[in-house]
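Novice: One structure is given below, represented as structure tokens, and several questions about it will come after.
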Amino acid sequence: MKQKLAAFFSGRYGADELAKAMLILYIVISAVTVFVGNATLRIVLNVLSLTVCIFMFYRMFSKKIAKRAEENRKYLLLRRNTKQWFLLRRNKWTYRKTHVYRSCPHCGAQIRLPRVAGDHRCDCPKCQERFSVHIK
Ligand SMILES: [Zn+2]
């Protein structure tokens with residue numbers, strides 16, 4: 001029995017960060033479903049949570065490891081970009097009275113500059129290109 005179980009699990013993809021996120025999503029949807037009064041909406045949420053759960057186990061038991069790793073890589077990239085987007089919004093708000101943010105016309109990097117009115121020349125710390133900036 002133990003060997004059969006070990007043989008079943010060998011070569012399977014297993015859990016990763018995307019699986020963890022799907023588990024959390026499943027728990028959140030299930031928790032929200034408890035408080036929903038509408039029967040139709042509750043059915044929709046149950047189907048959704050079940051779909052997430054099935055897809056999570058499908059990925060964990062999949063033998064297509066390269067495909068699952070690519071899905072996880074895309075998820076991690078999306079998560080990182082989303083975090084950076086929110087961090088930039090928060091920083092723009094926090095430093096709004098002392099600094100301005102401009103994007104580099106060459107590489108698109110966001111650059112924080114001291115809020116000093118006038119025309120300035122700026123060196124991008126990422127691509128080292130020089131560009132002009134006007135601050136009101
Ligand atoms: Zn640049």
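The values are calculated or read from the model by the stated rules, or taken from the named source; none is laboratory data. No experiment lies behind these values; they were computed from the predicted model shown. Here Cβ is always computed from backbone atoms with ideal geometry, including for glycine, and neighbour counts include all displayed protein chains. Note: areas computed on protein heavy atoms with side chains; ligands, DNA, RNA excluded. Shrake-Rupley method; radii C 1.70, N 1.55, O 1.52, S 1.80 Å.
Novice: Might you list the cysteines of the chain that have no disulfide-compatible partner by the rule of another cysteine's Cβ under 4.7 Å?
Specialist: 53, 122
Novice: May I pose another question? Could you tell me what percent of the accessible area of the stretch 47-136 is made up of carbon and sulfur, with a 1.4 Å probe and every protein chain present?
Specialist: 60 percent
Novice: Starting from the Kirkwood Rh over alpha-carbon pairs, what translational D in µm² s⁻¹ does the chain have by Stokes-Einstein at 25 °C and 0.890 mPa s?
Specialist: Reported coefficient: 126 µm²/s.
Novice: State, in angstrom, two size descriptors of the stretch 62-136 derived from its alpha carbons: Rg to one decimal place and Dmax to the nearest whole number.
Specialist: Calculated on Cα positions, Rg and Dmax stand at 17.8, 60 Å.
Novice: For the chain, what is the accessible area per residue in Å², given a 1.4 Å probe and the full set of protein chains?
Specialist: I get 76 Å² per residue for the chain.
Novice: While we're looking at this one, here's another question. Explain nothing, just the number: relative contact order of the chain, from Cα pairs under 8 Å at least 6 residues apart, as a whole percent.
Specialist: Normalised by residue count, the contact order of the chain is 18 percent.
Novice: Using only the Cα atoms, what convex hull volume per residue in Å³ does the stretch 95-136 have?
Specialist: 61 Å³
Novice: In straight Cα distance, which lysines are under 27 Å from residue 20, not counting same-chain residues fewer than 8 positions off?
Specialist: 2, 4, 63, 64, 67, 74, 83
Novice: Could you list the square roots of 5 times each eigenvalue of the Cα gyration tensor of the stretch 13-87, that is, the equivalent ellipsoid semi-axes, sorted largest first and rounded to whole Å?
Specialist: 26, 18, 8
Novice: Another one. Where does the chain land at 222 nm, in deg cm²/dmol rounded to the nearest 500, when only DSSP H runs of n ≥ 4 count, each adding -39500 (n - 2.57), divided by all residues?
Specialist: That comes out to -19500 deg cm²/dmol.
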